[in-house]
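Data block below; observations after.
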Amino acid sequence: MEQEKKVKLLVYATEDERTRIKMAAARLHMSMSQLILDSVLEQVSSIEELERKEARG
């Protein structure tokens with residue numbers, strides 16, 4: 001079951017992209033899933049901050 005979830009996360013990545021993600025995660029001592037989640041959450045935070053700044057004028 002866990003392996004199936006990991007595959008779904010990377011379904012749109014090319015083999016080269018998956019390799020790059022895997023290597024980057026290994027350098028950071030993280031799983032691929034954790035690296036992807038952390039990256040996505042960082043982007044979400046940036047978007048939310050931009051929205052707050054725009055709302056303030």
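Laboratory data are not the source of any read-out in this text; all were calculated from the coordinates shown. Computed from a prediction, not measured in an experiment: that's the story for all the values here. So basically every Cβ, Gly included, is an ideal-geometry build from the backbone, and we count neighbours across all protein chains shown.
What the phi angles of the stretch 29-38 give under the Karplus curve with 6.51, -1.76 and 1.60, with θ = phi - 60°, is a coupling list of 6, 10, 7, 4, 4, 5, 4, 5, 4, 4 Hz, glycine and proline written as x. Let's test the formula: R0 of 30 Å, r as the Cβ-Cβ distance of residue 14 and residue 52. What FRET efficiency results, to the nearest 0.05? Result of the calculation: an efficiency of 0.30.
Packing around the peptides 45-57, 18-30, taken as the average count of other Cβ atoms within 10 Å per residue, puts them in this order, highest first: 18-30, 45-57. For the stretch 17-57, the convex hull drawn through the C-alpha positions has a volume of 64 cubic angstrom per residue. Electrostatic bookkeeping for residue 28 treats Lys and Arg as +1 and Asp and Glu as -1; over the other residues with beta carbon under 12 Å from its beta carbon, the sum is +1.
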